[in-house]
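The values are calculated or read from the model by the stated rules, or taken from the named source; none is laboratory data. Please read all numbers here as calculations on a predicted model, not as lab measurements. Every residue, glycine as well, gets a Cβ built from its backbone with ideal geometry; the counts of neighbours run over all protein chains shown. Accessible surface areas use protein heavy atoms only, side chains included; no ligands, DNA or RNA. Shrake-Rupley method; radii C 1.70, N 1.55, O 1.52, S 1.80 Å.
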Amino acid sequence: MMRALTAFEHNLLKHVRKLDLLSPGDRVVVAVSGGADSVALLQVLSAWREHLDLTLAVAHVDHGLRGEESLEDATFVEQLAGQLGFPFFLKRLNLKSFLRKRKGESLQAVAREKRYTQLQAVAREWGGTKVAVGHTQDDQAETVLLSMLRGTGLAGLSGMPSQREPCVIRPFLTVSRPAILSYLDEKRREFRVDSTNDSPKYTRNRLRRELIPLLKTFNPNVVSVLSRQAVILREEHQYLDEAAKAALESVELSRTKDRVVWSRSRLLTFPVSIQRRMILLMVKTLWVKPGPLGFETVETLLQHVVHGTSGSSGCLAGLEAVREYDRVTFMKADRNSRLQRGSSCVWPFPGSILWLVTGQTIEGKITATKTIPSRRNDSVAYLDADRFSHELVVRSWKPGDYFFPYGMGGRRKKLQDFFSDVKIHQAERSTVPLVVAPEGILWVGGYRSDHRFRVTEETRHVAVVRIRTTGKKS
């Protein structure tokens, strides 16, 4: 006889069937950290086995960050899998090693990426068809708030989808954390508590412990409201994406593997919101792994190239865009591109950008520290991040350029005179990257920063900009 389900298990199964997250015969890898959410997920999927003809395996990813506590988590999950009679897979990571190679990226972002990679590796190894993770309604609310604070568009405000390609599912996205704790209490299931969940250094933890309780004083149901909003915005985001895909077909004049040509006049017939989406979709088709494209990056490209004069050009995410009369051409950039003749490169700051003229990488980050090394290093600039807008471009110099060289007491100097002073030959001047904000030149890359944006006692946030040689000029 098939085992009866509890009310919690039954109602959630109806929701999962409605969304078509699981199919009869699925082989499901259940990601179990040992925390309440993932333990409850394993318990629920175990209850559904006969109802959906599921085969389950348990996967645990040890990030190698919490020493003995991490080892105890792994042991707990292995024992739980054994009690329930499921195969167990353990994957260990050395996140500190990954972070050393990917400076400037957040620990949590790298951990998330590597965790999904390992879970999908388990699915391939075991022959799994789905990977189930335990994100809840509370996680969804936190994700929406984080996106809101970062100023993302509809994609970010849509939160996490119930199903993520290629095979990740989130059955608990409509379930609140209190409901999960109540279910575990009913089942008398123990779980582990991650000590880093209390650390205030992680923004998500502060949202959970400080902001959301405050918002609940205005609306006790704020978690479910934010979760419902994510569903609504995701549907609208998908609709606008479909509209942008249809619009792409009407503006495209020609296409090759490395180049797309658009009709500018047709492009301008669409609302700006659709134009932005068209650019984002186009980048994905030309560039396998584009960098993060923020609003400012896409908007600057639209204003500078699409709405600019004939001959305007710029680049983003390794692509170059050129307007010539009624044609806008997007192509993969290389060192023989128009950048060598002085085009500007839109820079999503903070982050990194490749200066194609010389093969150097320019990296930028924002930090709260004001400690600046006493030894001069021309490859690094320290700037007051609150004194300039973060809509940056990297470009070659132009006649008439000037700045206020640091160390000259705030005196203005023409860039061509500065180049003469530091003995940069005429032929080499166009290869020097200038980091430029709307307020002026911030840094003559590899030589001198601008006095106006120097770090002072009043500085609250420091922008650290660094130039690295990643290749030689060809």
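General remarks:
- Failed criterion for T309 (all others in (1) farther than 17 Å from S263 by Cα; (2) surrounded by fewer than 19 Cβ atoms within 10 Å (Cβ to Cβ); (3) at pLDDT 75 or above hold): (1)
- Conditions (1) more than 32 Å from the chain's Cα centre (by Cα); (2) open to solvent by 50 Å² or more (accessible area, probe 1.4 Å); (3) among the β-branched types (V, I, T): number failed by I424: (2)
- Filter pass, L181 being hydrophobic (A, V, I, L, M, F, W, C), farther than 30 Å from L84 by Cα, at pLDDT 95 or above and in a helix (DSSP H, G or I): no
- Within the range 86-96, the set of residues being open to solvent by 50 Å² or more (accessible area, probe 1.4 Å), modelled with pLDDT under 95 and not charged (D, E, K, R) comprises N94 only.
- Restricting attention to the range 236-265, the residues that are surrounded by 14 or more Cβ atoms within 10 Å (Cβ to Cβ), touching a residue at least 60 places away in the same chain (Cβ under 8 Å) and farther than 20 Å from K332 by Cβ add up to 4.
- Filtered by the rule that a residue be modelled with pLDDT of 80 or more, touching a helix residue (DSSP H, G or I) at 6+ places or on another chain (Cβ under 7 Å) and open to solvent by less than 20 Å² (accessible area, probe 1.4 Å), the range 334-385 gives L383, D384.
- Complete set of residues in the range 119-132 that are open to solvent by 10 Å² or more (accessible area, probe 1.4 Å) and in contact (Cβ under 8 Å) with a residue 40 or more places away in the chain: Q120, W126, G127, G128, T129, K130
- Qualifying residue in the range 405-414 (condition: part of a strand (DSSP E or B) and either surrounded by fewer than 18 Cβ atoms within 10 Å (Cβ to Cβ) or β-branched (V, I, T) (or both)): yes
- In the range 182-235, residue farthest from L71 (Cα to Cα) [restricted to those that are of a type in the set (D, E) and exposed (fewer than 13 other Cβ atoms within 10 Å of the Cβ)]: E235
- The range 11-65: number of residues that are part of a strand (DSSP E or B) and open to solvent by 40 Å² or more (accessible area, probe 1.4 Å): 2
- Test: W443 is aromatic (F, W, Y), open to solvent by less than 80 Å² (accessible area, probe 1.4 Å) and under 25 Å from V298 (Cβ atoms): yes
- Screening S420 against (1) among the hydroxyl-bearing types (S, T, Y); (2) free of Cβ contacts under 8 Å to residues at least 12 places away in the same chain; (3) part of a strand (DSSP E or B) leaves a single unmet condition, (3).
- Residues of the range 191-211 classified as free of Cβ contacts under 8 Å to residues at least 12 places away in the same chain and not in a helix (DSSP H, G or I), total: 3
- Applying a threshold of 8 Å to beta carbon distances and a minimum spacing of six or more residues, or different chains, the list of pairs starting in the range 269-288 at a residue that is under 12 Å from A247 (Cα atoms) and ending at one that is open to solvent by 80 Å² or more (accessible area, probe 1.4 Å) reads R276/F295; L281/K245.
- Taken together, S33, S23 contain a single residue that is closer than 20 Å to P161 by Cβ and among the polar types (S, T, N, Q), which is S23.
- Positions within the range 266-306 being assigned to a loop (DSSP other than H, G, I, E, B), crowded, with 16+ Cβ neighbours inside 10 Å and at pLDDT below 75, in sequence order: W287, G291, L293, G294
- One residue from Q238, Q229 being within 20 Å of R150 (Cα to Cα), out of contact with any Asp or Glu (no Cβ under 9 Å at 6 or more places or on another chain) and among the polar types (S, T, N, Q): Q229
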